[in-house]
């Protein structure tokens, strides 16, 4: 799903997509945190499986002019996961860090995601997640409450980071799956083919 543009403050809907309802999280139990970390680790396999189902001719197909193709989703995930890896490090290493928001739709257009190769983007997602998962598993419990200020959503803790990114690739895998369904529906319309 493409994000909004720069200019007026982000809408609640945009923030809800990017960060869920932006509220302070309740502390998770060790079991809940472990489940979130496991989901975080499994994310690359989930999005890779969704991508593997996309026919080659549908990779750059968009369900609507401002919606992303499967190719663009993967390139977004590479950029988003790279940003996420930095964010968790700022949260646990810096004093009161400012977590910078960014306009994901602008990145997709400005960086021309369709012109970028797909495999390195997917490899980036896998490598960044693998590297960051090691950090998450070593973090002492007191680090999970460390927080900074997100420029779009306010207070943002390490625990909230985990909630957001545990489901980030899951959301985008579902987005790719919806794209495939929409593409197939479009291809089977009378007059096509």
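What follows draws every value from the coordinates through simple rules; no lab data is involved. Predicted model, so just to flag it, every value in this text is computed and none were measured. Cβ sites come from the backbone with ideal geometry, for glycine too, and all protein chains shown count toward neighbours.
Quick notes on this one:
- Here residue 78 clears all of (1) part of a loop (DSSP other than H, G, I, E, B); (2) in contact with a helix residue (DSSP H, G or I) (Cβ under 6 Å, 6 or more places away or on another chain) except the condition numbered (1).
- Test result for residue 150, on the phi < 0 side of the Ramachandran plot, in contact with a strand residue (DSSP E or B) (Cβ under 7 Å, 6 or more places away or on another chain), surrounded by 13 or more Cβ atoms within 10 Å (Cβ to Cβ) and in contact (Cβ under 8 Å) with a residue 12 or more places away in the chain: yes
- The residues in segment 113-125 that are assigned to a helix (DSSP H, G or I) and surrounded by fewer than 17 Cβ atoms within 10 Å (Cβ to Cβ) can be counted, and the count is 5.
- Candidates 40, 90 - the one that is in contact with a helix residue (DSSP H, G or I) (Cβ under 9 Å, 6 or more places away or on another chain), in a helix (DSSP H, G or I) and over 30 Å from residue 188 (Cα atoms): 40
- Some residue of segment 52-59 being in contact (Cβ under 8 Å) with a residue 40 or more places away in the chain, in a loop (DSSP other than H, G, I, E, B) and within 23 Å of residue 136 (Cβ to Cβ): no
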